[in-house]
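A short worksheet on the structure shown next.
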Amino acid sequence: MPQPQPSRPRVYLAGPDIFFRDCERIYQDLKAHCARLGLEGIEPSDGGLGADFKGTDDERARLIYEGNIALIRQCDGAIANLMDFRGLEPDSGTVFEVGFAVALGKPVVVYGVPAGSYASRVGAAMACTQDADGVTRERENGVMVEGLGQRLNLMLACSTAIEATAEAALARLAKMLHALSQREREQVTRPSTSARSGSTPPRAR
């Protein structure tokens, strides 16, 4: 009797790509690359809304939100396009999804991040100066520009792995998921301390 094939790890494909005119092609390419790596790519949800949906915009938004939350929970990991989007920061919805996945303990690899530090990009885009303590600030209003040499806000830089492209991000995530799966298998097959020592656990009274 043929053995059932193990399910492929599911990867949530986060990013502002859904807003692009060619989003269908983008997701097709990402899913195809996932398949080549033994993964299943999962694009963001439209909330299961059909063309005949008659609800309000608030209802539509809530269903899309709940659909994507459910997908992230079901996935084993995520990649996220953190390109600059309408400014010097990544898409805020994508950033939320990254944080949610990280909070669930899922590995996240990001891509599309511009080269150089965040502070250097801000300094190139607007007038900045250094105060007496060497802190970079916006010249117009004195607001501090986060330093520390990170390519993203430190909450993103320290919670994710960064790769140059989506393909590289998927390759790295595949390795991370394989390593996690290997550790889980080892924990299942490793004998417990009581089994190794031959001791008998106490009876429940």
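Of the helices (runs of 4 or more DSSP H) lying entirely inside region 1-120, the ones with 1 or more residues being modelled with pLDDT under 95 are found at 57-74.
Taking region 160-177 as the range and being polar (S, T, N, Q) and under 12 Å from the mean Cα position of the chain (by Cα) as the test, only THR160 passes.
Could you please find all residues in region 121-153 being in a loop (DSSP other than H, G, I, E, B) and in contact with a helix residue (DSSP H, G or I) (Cβ under 7 Å, 6 or more places away or on another chain)? Scanning region 121-153 gives VAL145, GLU146, GLY147, LEU148, GLN150, ARG151, LEU152, ASN153. Only residues that are acidic (Asp, Glu), open to solvent by 40 Å² or more (accessible area, probe 1.4 Å) and within 30 Å of CYS158 (Cα to Cα) were counted in region 49-105, giving 4. Among the numbered criteria (1) surrounded by 19 or more Cβ atoms within 10 Å (Cβ to Cβ); (2) over 12 Å from the mean Cα position of the chain (by Cα), which one does VAL11 miss? In the conditions (1) surrounded by 19 or more Cβ atoms within 10 Å (Cβ to Cβ); (2) over 12 Å from the mean Cα position of the chain (by Cα), VAL11 misses (2) alone. The set of residues in region 121-130 that are open to solvent by 50 Å² or more (accessible area, probe 1.4 Å) and within 21 Å of PHE85 (Cβ to Cβ) comprises ALA124, ALA125, MET126. Within this structure, TYR111 passes the test of being touching a Ser or Thr at 6+ places or on another chain (Cβ under 8 Å), without any contact (Cβ under 8 Å) to a residue 60 or more places away in the chain and either within 20 Å of CYS158 (Cβ to Cβ) or open to solvent by 60 Å² or more (accessible area, probe 1.4 Å) (or both).
The set of residues in region 160-173 being of a type in the set (Gly, Ala, Ser) and open to solvent by 20 Å² or more (accessible area, probe 1.4 Å) consists of ALA164, ALA168, ALA171. Taken over region 131-159, the criterion of being within 13 Å of the chain's Cα centre (by Cα), without any contact (Cβ under 8 Å) to a residue 40 or more places away in the chain and open to solvent by 40 Å² or more (accessible area, probe 1.4 Å) is satisfied by CYS158 alone.
The values are calculated or read from the model by the stated rules, or taken from the named source; none is laboratory data. These figures come from a predicted structure and were not determined experimentally. All Cβ positions, glycine included, derive from the backbone under ideal geometry; neighbour counts span all protein chains shown. Please note that ligands, DNA and RNA were not included when accessible areas were found on the heavy atoms of the full protein model with its side chains. Shrake-Rupley method; radii C 1.70, N 1.55, O 1.52, S 1.80 Å.
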